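Written out below as structure tokens is the structure these notes cover.
The values are calculated or read from the model by the stated rules, or taken from the named source; none is laboratory data. Please read all numbers here as calculations on a predicted model, not as lab measurements. Here the Cβ positions follow ideal geometry from the backbone for every residue, glycine too, while neighbour counts run over all protein chains shown.
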Amino acid sequence: MNFLQDSLEGFLAREHRVVIVDVIAVRGSAPRDEGTFMLVAPTEIHGTIGGGQLEYVAIENARKMLGDAGGEAKLDIPLGPDIGQCCGGRVELSFTFADEPARQALDQRIATEEREKPQVWVFGAGHVGRALAESLTLLPLKVFVVEARESELDRLTSEVHHRLNAMPESLIADIPAGSAVVIVTHDHALDFLIAREALARTDLAYIGMVGSKSKRGTFLHYLEEQGADRAEADRLVLPIGGTTVNDKRPEVIAAMTASEVLLAFAAWKAKN
């Protein structure tokens, strides 16, 4: 069994006989929520409904359907000792052959999920920006990286949405409400311009800037000079990644910042 994941489009283009396994109901504690799905082909899978024995039972049932050896259209599985799990809840699964109508419905479903993904706008594609972009693309987020230097954008992966702009701060006004803004450019003055524009909005889930305690002090002085209320800076996370882990390597800052962004999105969702 090959558990390596490629894109959904690539998997469906390669695999012609596929069963869609959907989590259609959850009662109590379970590894994944209702609406989660995975795809099962004769020798490969795409996605996960939580792993463990639950997933093996689902794969076995789907493979029976694919092999015309039986299989059920629905399973109601207790997550207890009988299958070697201790979550304590129950999960109801549905199994559907991925024929053309089912594939079209799946495409529409994925498109809807893609539109609803929270957006993270990373301003700057230097060492920290690239590390952050790579970390964020592993998460269910839509990631944009804005740079004034085309050479830096060229070093990013294709999973990231590139935005080349000589005046990055001008893009802030068009970012959707509920998004996150992370400022990691190569220029402190540019950082401050972007942050000022972001803080002028009250509908962003997260605003963060790379830096230090002294940089925060300098930014507060900048706000005063601009006639802005210093209280605006209370919504600015600076330094991003916090100070609990005393490690300034880009990959570590990126990991800690990704955690902050996820927590901010959860808090935003709870309030809105």
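Filter segment 148-167 down to the residues that are within 22 Å of M256 (Cβ to Cβ) and either in contact with a Phe, Trp or Tyr (Cβ under 8 Å, 6 or more places away or on another chain) or not assigned by TED's automatic domain parsing to the domain that holds L262 (or both) and list them by number. If the condition is that a residue be within 22 Å of M256 (Cβ to Cβ) and either in contact with a Phe, Trp or Tyr (Cβ under 8 Å, 6 or more places away or on another chain) or not assigned by TED's automatic domain parsing to the domain that holds L262 (or both), then V160 is the only one that fits. If you go through segment 113-137 and pick out every residue that is hydroxyl-bearing (S, T, Y) and over 16 Å from the mean Cα position of the chain (by Cα), you end up with 0. With the requirement that a residue be part of a loop (DSSP other than H, G, I, E, B) and modelled with pLDDT of 65 or more, what does segment 77-87 give you? Result: L79, G80. Do we have any residue at all in segment 138-147 that's on the phi > 0 side of the Ramachandran plot and under 21 Å from the mean Cα position of the chain (by Cα)? For segment 138-147, residues on the phi > 0 side of the Ramachandran plot and under 21 Å from the mean Cα position of the chain (by Cα): absent. Total residues in segment 198-249 satisfying the condition of being within 11 Å of V182 (Cβ to Cβ) and surrounded by fewer than 16 Cβ atoms within 10 Å (Cβ to Cβ): the figure is 0. Scanning segment 40-76 for residues that are assigned to a strand (DSSP E or B) and under 20 Å from G10 (Cα atoms) yields V40, E44, I45, H46, G47. Restricting the first member to segment 1-28 and to residues that are more than 16 Å from E55 (Cβ to Cβ), and the second to residues that are in a helix (DSSP H, G or I) and modelled with pLDDT of 90 or more, the beta-carbon pairs closer than 6 Å and six or more apart or on different chains are R17/L66. Of the residues making up segment 119-151, those that are farther than 22 Å from I207 by Cβ and surrounded by 18 or more Cβ atoms within 10 Å (Cβ to Cβ) number 0.
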